[in-house]
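Structure, as structure tokens:
The values are calculated or read from the model by the stated rules, or taken from the named source; none is laboratory data. Remember, predicted model here, so these are calculated numbers, not experimental data. Here the Cβ positions follow ideal geometry from the backbone for every residue, glycine too, while neighbour counts run over all protein chains shown. These accessible areas exclude ligands, DNA and RNA; they are computed on the full protein's heavy atoms, side chains included. Shrake-Rupley method; radii C 1.70, N 1.55, O 1.52, S 1.80 Å.
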Amino acid sequence: MKTTTFILYFLFFGIIGYSQVKTKIIKIDLGKPNENSISNTNNFKWLSVKPKNMISIQLINGNPLKYDYKINTKSISYFNDEKQLKKELDEVKNNENSQEEIKELIETTTTIQNIIDNNKKLNEYIDSLNIEVETLYEILKQKDVLKENDYKDKRELFLKISKKIYGFNYKQINELEDFKKDAKYLSTQKSLLKTKDKAEKSTGNIIKKLFSFNLEQYILPIDIQGQNIDAIEFKLKRFDKETKEEDVNFASKPYNIWIKGGLKIDVSAGIFFSSVYDREFDTKDDLTVPGNKIITLKNRGDYDFAFGSTVNTYIRMNSWIVPSINFGAALTANQKFQFLLGVGAILGKQERIIFTTGLAMGKVERIADSYNVGNSYNLGDSGTIPTQTQFKFGHFFGITYNLSKVKKISLEKGIE
């Protein structure tokens, strides 16, 4: 009973484990080429994935501020949507209750003039911050490769300062309420609210330009399970963000992701040499028995040639040489069909030649049962040697060329 339970558990968890589908990430480095510019998690010779896996492409070391990237005709967006940006801005606004002081604004609010002076300095601070943000943004736009270290610390600093500005402005607005009877109250209040709008726009600009993009961009995973394909093909394109012109020298050739594992079926045709062929006979006069003929066997060699095709079944392998199981049919020189079953080796990836050998079987002509080669017989006036059709087994070897080209599907279909 325990053994049966163990087997059931093993089968159950084995099936669950086998049915788990993983997503394989193909990383393409858009920056300076190096030995790791294109890689996947399996470290195969070629870009490859197993047929049961989902496939996703990740573009790294690009610059979404300078370029737009497309896979085939589909744009790859690095930017967050407007709702996300608004959410981040709202989080900054919620920081208005912060009582953090800005070191440069150290005047204690004892008079309304202190508020006016602080507000003037705050506006200058916002202008200075805006210049720094724009300068950094323009520098980032010029880079072909944008990395997180190029902007991470500075954008965090800018946002932190922006939050402080927002909080300090809010504090000043509250403190102004102590001076409602002052003649400058209304003009100062208007100026503070104007500064608040300016601070809000400055913060929104920081978020939009420095926090709106995500360099770790993936396409949605696509499923290839069950498809009788060799590879997934895609073309990577890059466009200048300002001119909208395509950089035709960028990734000019398409990428191929080869499928590794799972059965693949192809058809090939070529020439075969078979040991199963018709025997041909001749006669010569029997000098000892007048009127008799001695049956002789013509020497046709060990093989006959034939033309035919085979269906090749094999497991996809990331190699130039792949073993296969082949079956098919061939037509001999005497217009007779033979059935072929054997094993082979498939050479090549794009163009494929198959060397195959195995069992050949078919109907052939043999001398009739009551006759033997080398014996003397009276064959009558016609001199015809009696023969009969027999089904025979033998062996063959051959060379064929794959009729079906490499079957590819476009990655574009997976991201429509």
Do we find that L263 is of a type in the set (A, V, I, L, M, F, W, C) and crowded, with 19+ Cβ neighbours inside 10 Å in this structure?
-> no
Within the stretch 292-303, track down each residue that is surrounded by 12 or more Cβ atoms within 10 Å (Cβ to Cβ) and either over 17 Å from N378 (Cα atoms) or of a type outside the set (D, E, K, R) (or both).
-> N292, I294, I295, T296, L297, Y303
Residue match in the stretch 320-343 (condition: surrounded by 15 or more Cβ atoms within 10 Å (Cβ to Cβ), among the hydroxyl-bearing types (S, T, Y) and farther than 30 Å from N378 by Cβ) = yes
Go through the residues of the stretch 319-327 one by one and say whether even a single one is touching a residue at least 60 places away in the same chain (Cβ under 8 Å) and under 18 Å from F393 (Cβ atoms).
-> no
Subset of the stretch 205-215 (residues that are in contact with a helix residue (DSSP H, G or I) (Cβ under 9 Å, 6 or more places away or on another chain) and open to solvent by 20 Å² or more (accessible area, probe 1.4 Å)) = N205, K208, K209, F211, L215
Output the residues belonging to the stretch 234-243 that are touching an Asp or Glu at 6+ places or on another chain (Cβ under 8 Å) and surrounded by fewer than 16 Cβ atoms within 10 Å (Cβ to Cβ).
-> D240, K241
Looking at D223, is it open to solvent by 80 Å² or more (accessible area, probe 1.4 Å) and at pLDDT 90 or above?
-> no
Is it the case that Y255 is open to solvent by less than 70 Å² (accessible area, probe 1.4 Å), in contact with a Phe, Trp or Tyr (Cβ under 8 Å, 6 or more places away or on another chain) and over 30 Å from K27 (Cα atoms)?
-> no
Filtered residue count, the stretch 155-181, keeping only those that are surrounded by 15 or more Cβ atoms within 10 Å (Cβ to Cβ) and not aliphatic (A, V, I, L, M) = 14
When (1) assigned to a helix (DSSP H, G or I); (2) at pLDDT 90 or above; (3) not aromatic (F, W, Y) are applied to K208, the one that fails is (2)
